[in-house]
Amino acid sequence: MRVLYFDIDTLRPDHLSCYGYERETSPNIDRICREAVRFDNCYVSDAPCLPSRAASWMGRFGIHTGVVNHGGARADPFPEGADRFFFQRGARMGLAMVLRVAGLHTVSFSPFAERHAAWWFYAGFREMHNTGKIGSERADEIVPPALDWLDKRGHEDNWFLHVNVWDPHTTFRTPMEYGEPFENEDPPAFPPEELIRHHYNSYGPHSAQETAGYTDDEKEAFPRDISRIKNRKDFTKWINGYDTGIRYADEWFGKLLSKLEEKGVLKDTVIVITSDHGENHGELGVYGDHHTADHITCRVPYILRIPGLIDNGRVDKGLHYQADLSATLLELLGARVPSLWDGKSFAETFKQGREEGREELVISNNAWSCQRGVVWDNWLAIRTYHTGFKAFPEYMLFDLKTDPHETTNLARANPDIVAEGMKRLESWTTDMLRSSEQTVDPMWTVVSEGGPFHANENSPVFEAYLERLRRTNRSFYADWLAENKGKPIPAGSRWAAALEPDQEPLTEPYNPET
């Protein structure tokens, strides 16, 4: 048994051509997808990077592991306490450890653990190759050592190879000599010109006026980046940078496939292609990062090819956590899912070619905002506890079937559906805390620390950003943030004009007296 797990950071499924994207971003991934199951509704339970991989690789949601933030107390797993054993016991094993116990030689090529001080990630790997640039690497710096490993050991049996590339992640790093593969192709239709103009007069980290975070600083070393998006022309350059990063990662994935062919083992190798989170490109006013507990940040691609079990490609539209698919993978490989996992295996129905998913999913983000969302039927209901300094009301509701880019908040018009979503969220939270070894919801620890790591009320960056808003004709928003910080904006108020495109954007400082 051989397994290649290709982990592409910051990858939206709707920007892969095998998921229906009009641009050919992923010819090598598409090739595998034709022989695989494509999961259309796979969501990470906890976003972004650190909480996401913690949940997927440990098999447990952040409310149980404690890993929900990128810094502070809740960037590390809860301690096990008095029951902590000499070595990791079966009930607590993560994906790599279970595979190792099952007899696979486990290997990882990734800078992830160092980037996030996530040393638990190494648990279960026999070999850990840190490519050394803390997540600033390109695929041409990560894949070659993995190719060398395959040269030496790819012909052997029973290995699990994790390769983690970062090319779609901002800042866009694909070398300019690679060219502009999408220069003569139309960009996606969203966001339209008028919405971009609206967002430009809005505010918040990674808004259209400060895609670098809290500033519009240009970075000469990254010429594919753009620091401000004022119109569709700017957005086209921006999205070309993202799509080129995907194409570059795909090209290096193709080199791994070629190496497996050369070693004579490609036809017999299990292949997983997935990501840690998506990326907002205008959705909810966010450009180029992963700040929300929504369909865009939390939905990820998941493509699974198992030779001999899947003869032709098929699509699974069931609702799945990524941890569910980790559990399913284990059972399909003949391993046992640990008893403490929240991930639920769908291996039996998978083998029968049938679709079976969950009735609902609860998704969270506590690193850029404090939000939880509930996905069921065609609905996404989001509750915001800390805005991350954005124009978010406490409740949002979107019809994902008709509005996948989340442009129209239906919460005020559909209070009964919002209530249903919050009832589901409360029930889930109660069940999770009842089954937890801890007594505190880790999200509230984040709130008590002043908010998420990247949008913290106690950070000097916050005060500097208020000054920037005043310098850039957005004093209205600076005044709101100075007084309310991460408090959600009252729905329907003038304060919410930054987010709701049915209202006029604020092009002049707002004077409440007039």
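The values are calculated or read from the model by the stated rules, or taken from the named source; none is laboratory data. Just so you know, these numbers come straight off a predicted model, no measurement behind them. Positions of Cβ are backbone-derived with ideal geometry, glycine not excepted, and every protein chain shown enters the neighbour counts. Please note that ligands, DNA and RNA were not included when accessible areas were found on the heavy atoms of the full protein model with its side chains. Shrake-Rupley method; radii C 1.70, N 1.55, O 1.52, S 1.80 Å.
At the residue level, residue 483 shows approximately 150 square angstrom of accessible surface with a 1.4 angstrom probe and all protein chains present. Here the mean projected area of the convex hull built on the C-alpha positions of the range 334-471 is 12.0 nm². Among 67, 447, the sequence by solvent-accessible area, most first, with a 1.4 Å probe is 447, 67.
The local environment of residue 205, defined by Cβ-Cβ distances under 10 Å, has a net charge of -1 under the rule Lys, Arg +1 and Asp, Glu -1. Farthest towards the positive end of the charge dipole of the chain, among the residues 307, 337, 370, is the Cα of 337, using unit charges on the Cβ of Lys, Arg, Asp and Glu. Per-residue surface analysis assigns residue 1 an accessible area of about 70 Å², computed on protein heavy atoms at 1.4 Å probe radius.
Annotation: the antiparallel percentage among DSSP beta bridges lying fully within the chain is about 50. Report the relative contact order of the chain, percent, no decimals, based on alpha-carbon pairs under 8 angstrom and at least 6 residues apart. About 22 percent, as a whole number.
Compute the Cα gyration tensor for the chain, then decide on rounded, prolate or oblate, letting a ≥ b ≥ c be the square roots of its eigenvalues: rounded whenever a/c is under 1.5, prolate when a/b is larger than b/c in the other cases, and oblate in all that remain. Judged from the Cα gyration tensor, the chain comes out prolate (a/c at least 1.5, a/b above b/c). What you get for the chain, charging only the Cβ of Lys and Arg (+1) and of Asp and Glu (-1), is a dipole of about 1100 debye around the Cα centre. Pop out the carbon and sulfur fraction of the accessible area of the chain as a percent, whole number, probe 1.4 Å. Carbon and sulfur together cover 47 percent of it. Ignoring the sites themselves, what is the longest stretch of the chain with no chymotrypsin sites (Phe, Trp or Tyr not before Pro) in a DSSP loop and at most 13 other beta-carbon atoms within 10 Å? For chymotrypsin sites (Phe, Trp or Tyr not before Pro) (loop position, at most 13 other Cβ atoms within 10 Å), the longest site-free span of the chain is 88-514.
Tally Lys/Arg at +1 and Asp/Glu at -1 over every other residue whose Cβ is under 9 Å from the Cβ of residue 365; what's the total?
Working: positive: 372; negative: 46, 294.
Neighbourhood net charge equals -1.
Taking amide H as placed 1.01 Å from N in the peptide plane, residue 385 has its amide H under 5 Å from the amide H of 370, 371, 372, each at least 5 places away in sequence or on another chain.
Please list 314, 412 in order of solvent-accessible area, largest first, computed with a 1.4 Å probe with all protein chains present.
On the way: 314 65, 412 145 Å².
Solvent-accessible surface, decreasing: 412, 314.
Whole number in Å², please: accessible area per residue of the chain, 1.4 Å probe, ligands, DNA and RNA not counted. About 39 Å² of surface per residue is accessible. The simple Förster model, with R0 at 22 Å and r as the Cβ-Cβ distance, assigns residue 178 and residue 221 a FRET efficiency of 0.90. Using the Cβ-Cβ distance between residue 233 and residue 82 with R0 set to 56 Å, the FRET efficiency from 1/(1 + (r/R0)^6) comes to roughly 0.35.
So which helices of the chain fit the span-like rule, where a helix is a whole DSSP H run, its Cα atoms reach 18 Å or more along the axis, and its mean Kyte-Doolittle is at least -1.0?
Qualifying helices: 139-153, 232-262, 415-434.
Pairs exceeding 22 Å between alpha-carbon atoms, taken from 317/423; 317/351; 133/219; 219/255; 267/351; 263/351: 317/423; 219/255; 263/351.
The overall shape of the range 90-169 is oblate: from the C-alpha gyration tensor, with semi-axes ordered a ≥ b ≥ c, the ratio a/c is 1.5 or greater and a/b is no larger than b/c. Using a cut-off of 19 Å between alpha-carbon atoms, which lysines can reach residue 390, once sequence neighbours fewer than 8 places away in the same chain are excluded? Straight-distance partners of residue 390: 230, 485, 487.
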